[in-house]
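Inspection log for the structure reproduced underneath, given as structure tokens.
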Amino acid sequence: MNAAVKELEEFRREVSAWLEANKPGDPGFLLPQSFMEVGTEQQVDFLREWQHKVWNAGYLGMAWPKQYGGQGVDAAYQSIADQEMRRHGVPICFNVIGLGWAGPLINDIGTDEEKSRYLKGILSAEDIWCQGFSEPDHGSDLGNARTRASRDGDSWVINGTKIWTTLGNYAKYMILLARTNPEAERKYDGLSFFLAPMDAEGIETRPIRKLTGEYGFTETFFTDARIPADCLMGAEGQGWKIAMQTLQYERGAEAGAAGGLAFVRIVIDDLVEQLRDVPRGDAGVLDDPVMRDELVRLIMEEKAIALGDRRSGISALTSDYPLSLPLSNKLRWTEYTRRMRQFAINAQGADGALYVGDDRAPAGGFWQRAYLNSFSATIGGGTSQIQANIIAEHVLGLPK
């Protein structure tokens, strides 16, 4: 074992021991399965404290520069820390839009002043971030955004509406795409990108209730909201380019995220364990050949996705379509996750209709809640249909 490998293994043991000693107990209330289900002050306070504790221990933002709150070490250390967090089943680091999208963007193209102003607060969970891309009338068609930003002296005046702004009612900042030039010949050239404060007068958020009965999303209204001129990121008219780079982080096609768990990862082993005691007639559901056949298909699919992720980092194995795996990862994983969770409910038979709060619900309704929550990921960052178009156009070279 060479010195570098030995050092990483020692680090893994260190992280594991810290998590074992510091993993929070049951808080006595329902924790969100992902950052898209954070809907109460109680959850926010708990998760903010946990993320701050992970960062303070040095296990978050490890590859980010030291002067901005990171550790300045190789990303391999963060990968190990994330693996151990997943293995120990600790709570999520909920400031995902900051940790995974806004932060990497600011790290890559932000000014020194922007990095100094924003990055440390993202890591410590002091500053929660949300995203203002989608609009009620345009969905995933970001190019037709109508929210308007007009320059007035040392301010930009914002008017319009954004929807699906996850954590919007708790956020301090928003990454905002707005139209600054409605007369631009190409609609994409009329958009600009802002790092906008959410405490400006004229900004209102309204929580959106989900299928699960939980919250997490909001609709955000701008009515003559004034934000400082220096909230503009890049140059006026560069919003589309910057937004597309942001979506690369969101879709997992671009590295740079700070790390931590964005969601409770549910894998096929969890499903198999859940089904062991589920009856089917005089035997168990796993004795049913049809169910076993479908289960094996899901096992193979999950393994293929995992191997594809490893393959994507080996250029010699992706030379034919270099972007195929990174660009398809979001589509493949979210759709697989939805079908796997649906299978878990189907396997429960009539009990699959029971939900959280019903004493008879298998596993306390965990799988039912997980299934309903899985639809968020198939929509956020571009719907599955949009992802299929991206793969067709940018990987296969097919016409629009």
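No value in this document is a laboratory result; all are computed from the given coordinates. Bear in mind that the values here come from a model prediction, so they are computed numbers and not experimental data. A quick note on method: Cβ atoms are made from the backbone with ideal geometry, for glycine too, and the neighbour counts reach across all protein chains shown.
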Checklist line | Residue-by-residue Karplus 3J(HN,Hα) for the stretch 23-29, coefficients 6.51, -1.76, 1.60, Hz, glycine and proline x | finding: 4, x, x, 4, x, x, 9
Checklist line | Separation in nanometres of the label points that stand 7 Å from Cα toward Cβ, at Lys303 and Arg339 | finding: 1.7
Check: With +1 on each Lys and Arg Cβ and -1 on each Asp and Glu Cβ, how big is the dipole of the stretch 264-382 about its Cα centre, in debye rounded to the nearest 20?
Finding: 520
Check: Which listed residue (Ala392, Gln131, Pro279) has the Cα farthest towards the positive end of the charge dipole for the chain, taking +1 on Lys and Arg C-beta and -1 on Asp and Glu C-beta about the Cα centre?
Finding: Ala392
Item checked: Debye equation applied to the C-alpha atoms of the stretch 3-126, log10 I(q)/I(0) at 0.14, 0.17, 0.20 Å⁻¹ -> -0.63, -0.90, -1.17
Item checked: Label corresponding to Rg and Dmax of the Cα atoms in Å when calculated from the structure given, among (i) 32.6, 114; (ii) 22.0, 76; (iii) 22.2, 70 -> (ii)
Checklist line | Given charges at beta-carbon only (K, R positive; D, E negative), |dipole| of the chain in Debye | finding: 460
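With r defined as the distance between the Cβ atoms of Asp287 and Arg360 and R0 fixed at 25 Å, what FRET efficiency is calculated, to the nearest 0.05?
Numbers: r = 23 Å, r/R0 = 0.91.
So the FRET efficiency works out to roughly 0.65.
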Check: Using 7 Å Cα-to-Cβ label points, what is the Ala350/Asp74 separation (nm, one decimal)?
Finding: 5.8
Check: Just going by the charge dipole of the chain, with Lys and Arg at +1 and Asp and Glu at -1 on Cβ, which of Leu307, Gly89, Thr220 is farthest out on the positive end?
Finding: Leu307
Next item on the list: List the extent of the Cα atoms of the stretch 268-395 along each of their three principal axes, largest first, rounded to whole Å.
Entry: 52, 28, 19
Next item on the list: Round to a whole angstrom and tell me the spacing of the C-alpha centers of the stretch 1-53 and the stretch 140-191.
Entry: 35
Next item on the list: Whole Å is fine, so just give me how far the alpha carbon centre of the stretch 315-356 lies from that of the stretch 210-262.
Entry: 24
Margin query: Amide H of Ala225 versus every other amide H placed in the peptide plane: which residues, excluding those fewer than 5 positions away on the same chain, fall under 5 Å?
Written below: Ile158
Next item on the list: Taking the Cβ of each residue in Met291, Met174 as the centre, tally the other Cβ atoms inside 10 Å and list the residues starting with the fewest.
Entry: Met291, Met174
Notebook entry, point to check: In sequence order, what are the phi-derived ³J(HN,Hα) couplings for the stretch 376-388 according to the Karplus relation 6.51 cos²θ - 1.76 cosθ + 1.60 with θ = phi - 60°, rounded to whole Hz, with x for glycine and proline?
Noted result: 4, 6, 7, 10, x, x, x, 4, 4, 5, 5, 4, 4
Check: How much length is gained on full extension from Ile314 to Gln385, taking 0.36 nm per residue of separation minus their Cα-Cα distance?
Finding: 22.8 nm
Next item on the list: List, largest first, the extents of the alpha carbons of the stretch 109-248 along their principal axes, each in whole Å.
Entry: 44, 36, 31
Check: Which order do peptides 261-271, 312-322 fall in by mean Cβ count within 10 Å, highest first?
Finding: 261-271, 312-322
Next item on the list: Quick one: what are the phi-derived ³J(HN,Hα) couplings along the stretch 367-374, Karplus 6.51/-1.76/1.60 with θ = phi - 60°, whole Hz, x for glycine and proline?
Entry: 6, 4, 5, 4, 5, 5, 6, 5
Notebook entry, point to check: Going by alpha carbons, how many degrees (0 to 90, nearest 10) lie between the helix axis of 41-56 and the longest principal axis of the chain?
Noted result: 90
Next item on the list: Kindly flag which residue pairs out of Lys6/Lys303; Lys66/Lys241; Lys187/Lys241; Lys53/Lys120; Lys187/Lys330 have an alpha-carbon separation exceeding 19 Å in this structure.
Entry: Lys6/Lys303; Lys66/Lys241; Lys187/Lys330
Note to self: Sort 324-330, 154-160 by the packing proxy (mean of other Cβ within 10 Å over each peptide's residues), most packed first.
What the structure shows: 324-330, 154-160
Notebook entry, point to check: Can you list the residues, at least 5 places off or on another chain, whose amide H is less than 5 Å from the amide H of Leu261, using H built in the peptide plane?
Noted result: Cys93
